[in-house]
Structures are given as C-alpha cells and as structure tokens.
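Take a look at the structure below.
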Amino acid sequence: MTAASLTIDLDAIAANWLALNARTGTKVETAAVIKADAYGLGVGPVAQELANAGVRSFFVAVTEEGAALRKAIGPRADIYVFSGCDGTDVTTIRAHELTPLLNSPQQVQRFFAASGDAPFAIQLDSGMNRLGMEPADYAALSRAINERGPKLIISHLACADEPDHPQNLAQLECFRQMTDGVTARRSLAATGGVLLGPEYHFDLCRPGVGLYGGLPFADAQPVVTVSVPVIQTREVSVGETVGYAASWTAKRPTRLATTAAGYADGLIRAMGNGAVRLWSGDTPCPLVGRVSMDLITVDVTDLPQVPDHLEILNKHQRVDDLADAAGTIGYEILTSLGGRYNRRYIGGK
Ligand SMILES: *Cc1c(COP(=O)(O)O)cnc(C)c1O
C-alpha cells in the first residue's frame, strides 16, 4: 500500500496572506514567517508562492533555515533570522545575505566586531522573557545600535491570541517606550497581533500560522488535506475489542476500516480519545481504538460502501480541530506532519 497523502493548497496560503495584508494599512509591510520548513508544509514551494503573491520579507528561526530559503527564492527578498548570530555562523549569515535579529548585548558586540557594515536587526524583550534584549541592556547600547542603523527592530507578544489579555497593552507600552523616536522600522505583530488592531502594526507585521490556515486567524482558508488509504476492512461483533490495549469495544455489529497513517505521520496518539473523525466526502466516521505508529482504525458502518481513502484533515476537520481533540495547538499538529506522506501541492503560480 502507498502512504497517506498530504495536499497543500498554495492558492489558499496566498489568499490567507492577502487577507492578512488587507487588514493592515497600506504603509505597513506584511512579511511571512516560514520557520520550521514553513510550519511543516515545505519551505521551497511555500516561499515561492508567497514571494509571487508579494512577500518581500521572510522570517526563519535559525541560520540553516535561512540558507535553505535563500537557495529556494534567490535574491529577491530579505530573510531575517529570529535566533540571531552567535559568531560561529557569521560566514553563513553573510554568504547567504541573511539579516540576524541580534538578541543580546553579546550578540550585538560580536556581530558588530565580526561583520563590518553587514545588515542586522534587533529583537527586544517587552515582557515575554524568551528572546530579545532586556530594556536595560538595550538602553545601554541603543545609541551604538541606532547609529549603525538596524534594518528593523522587533518584539514579540506573549498573549496576542487573547485580545483582552492585559499583557498585550503592557507589551505595546513597553515596546513604545523602548523604541519611540528611533528611525529604524519597527515590528511587533505576528498573526495574533495583526488581528489586535492598527496600534500593534507599526511598520511591518509578521504572521506565520494564519498563512497556513491556523488560529487565531479564524477567517483563514484551510490549507492542508490529509487523505489516508483504507488497507483492509473487517466486520466485528458486539463485545469484540479493537487495537492496542483493547481499549475500544464494539457496542453494535461494526464495519471497521484500517487505514495507513499513524503517529509516525504526526497523527498523535492523543487523538485516539473519541473526538476525532475521518471523513468520506461530507460524512464523518469515528476513529476507534488507539492510534498506532502506522495505522488508524475507523468505524465505517454507516457508510453505504467502504471508500478507498478517508480524510483526517480537510475543510470539515481543520488543524485546530485535531489539535483541540488531542489537547494541543494547531502549530504543533502542522509542524508534526511527518516526512512519510506523498506530498502534493495544488494551485500556485
Ligand atoms: C513564530 C513567530 C512569529 C509568527 O507567529 P504566528 O503566531 O505563527 O503568526 C512571529 N514572530 C516571532 C518572534 C515568532 O517566533
């Protein structure tokens, strides 16, 4: 049997970017975050599609991702590296014309010493306490930094997916206090920040998950379809059990389909708790028993005939639905979709 297939709708990604872009003013640039292989969907095709749609700035997590992205899209866009540059990767940063977001006094000093007038950007911590220079560290270096002209100064919101969370305003205030008056362009908003409103937009917004159809961008078009071949069907009688640990027991005569995907494909075991369904067209069929490494069992009793495949991700059941059922978030579902799928890209220029 062949592996399950993962279909990525490039038109939907472009449409999501355009929709987020339309929510910001005409003077605000909308970039794209494509770290972690474009949230698991494939950095080459996704970046090319987004560049064609109009993206001029991309963000990745680490230098290696930046180098791969530069190969994929050539010289036509700026590439920012969130984790910055520690000195050992200056050569790679420069060779691929990447712009590091310098996150600490050490990163600033090393980069300034090692790289002449190469472009750089700055990440400030405004309250998330994860990555970026603390206000006091930045204050001590801000003159030297701003004399050298950073391409961009950013910070990141911790609670932007909760519009009423008081930390949003506190971080906005902190970011303004640190950066009001600088000539560099500024950026605070990821997907959640775009939706919070114009005071969060500054000069550049940098959505990621919303491009790929995930919350908090509730109006996003779905991007991913996962279709799983049916390998075998069987009839089980009342009282028979299914799968590892015999955790599911038939309460009616049941027609069972065994399908070819499992937790090695990112369909994590926690989905096997009764909430997830697989779809035949518009008809849902419950997943029963445990998810195993390569197999998922499905109750298809109510279908008029057994189809040759069932969908676990589609417009009816989106990444955030699967995530809710499994007690996680859409980001984790997307980036877990494994390497075994037959990947197919549809749409695109
Ligand atoms: C991942 C990330 C983003 C994009 O966030 P989304 O919630 O996916 O839109 C933006 N900025 C930083 C610093 C990030 O780490």
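Based on the alpha-carbon set only, what is the convex hull volume of the range 76-127 divided per residue, in Å³? Don't jump to the answer; show the numbers that get you there.
Details: hull volume 3.9 nm³, N = 52.
Hull volume normalised by residue count: 76 Å³.
Only Cα pairs under 8 Å and at least 6 apart count here; give the relative contact order of the chain as a rounded whole percent.
Once normalised by length, the contact order is 19 percent.
Hey, fewest Cβ within 10 Å first, where do Arg186, Arg234 land in order? Walk me through the intermediate numbers first.
On the way: Arg186 21, Arg234 12.
Taking fewest neighbouring Cβ atoms as first place, the list is Arg234, Arg186.
Kirkwood Rh, the chain, all Cα pairs: how many Å?
21.9
Mind checking the full-extension length gain between Arg143 and Leu303? Use 0.36 nm per residue of separation minus the Cα-Cα distance, one decimal, nm.
On the way: separation 160, 0.36 × 160 = 57.60 nm, distance 6.88 nm.
Separation in residues times 0.36 nm, less the Cα-Cα distance, equals 50.7 nm.
For Leu18 and Ala264 in the same chain, what is the full-extension length gain: residue separation times 0.36 nm, less their Cα-Cα distance, in nm?
Here the answer is 85.2 nm.
Among Gln317, Gln177, Gln123, which one shows the highest mean-square fluctuation when the chain is modelled as a Gaussian network with alpha-carbon springs under 10 Å?
Fluctuation is largest for Gln177.
What percentages, rounded to whole numbers, describe P(r) for the range 1-117 computed over all alpha carbon pairs with 10 Å bin width beginning at zero?
13, 40, 29, 14, 3, 0
How many nm is it between the label spots at Ala275 and Ala170, if each spot is 7 Å from the Cα in line with the beta carbon?
2.9
Could you list Asp321, Asp299 so that the one with the fewest beta carbons within 10 Å of its beta carbon is first and the one with the most is last?
Listing Asp321, Asp299 from fewest to most nearby Cβ atoms yields Asp321, Asp299.
Based on alpha-carbon centroids, what's the gap between the range 26-43 and the range 294-349 in Å, whole number please?
23
Which value, in debye to the nearest 20, gives the size of the charge dipole of the chain about its Cα centre, when Lys and Arg are +1 and Asp and Glu are -1 at the Cβ?
In debye, rounded to 20, the chain gives about 560.
When N counts the residues of the range 224-346, how does its alpha-carbon radius of gyration compare numerically with 2.2 N^0.38 Å, as a ratio?
The value comes to 1.00.
Taking the alpha carbon gyration tensor of the range 10-212, what are the square roots of 5 times its eigenvalues, largest first, to the nearest whole Å?
Values: eigenvalues 119, 101, 36 Å².
Over the Cα atoms of the range 10-212, the ellipsoid semi-axes are 24, 23, 13 Å.
Could you list Tyr244, Tyr341, Tyr80 so that the one with the fewest beta carbons within 10 Å of its beta carbon is first and the one with the most is last? Spell out each step's value before the answer.
Details: Tyr244 12, Tyr341 19, Tyr80 26.
Listed from fewest to most nearby Cβ atoms, that is Tyr244, Tyr341, Tyr80.
Using just the helices of the chain, give the 222 nm mean residue ellipticity in deg cm²/dmol: DSSP H runs with n ≥ 4 each add -39,500 (n - 2.57), and the total is spread over all residues, rounded to 500.
For the chain, the value works out to -8500 deg cm²/dmol.
Checking the a/c ratio against 1.5 first, then a/b against b/c, what shape does the Cα gyration tensor give for the range 276-325?
Here the range 276-325 falls in the oblate category.
Residues in the range 8-49, backbone N under 16 Å from the label point at Ile329 (7 Å along the Cα-to-beta-carbon vector): list them, ranges by number please.
Of the residues in the range 8-49, 33-36, 39-40 have backbone N under 16 Å from the label point off Ile329.
Rule-based calculations on the coordinates, nothing more; no lab input. The shown structure was predicted, so the numbers you read here are calculated from the model rather than taken from an experiment. No Cβ is skipped: glycine too gets one built from the backbone with ideal geometry, and neighbour counts run over all protein chains shown.
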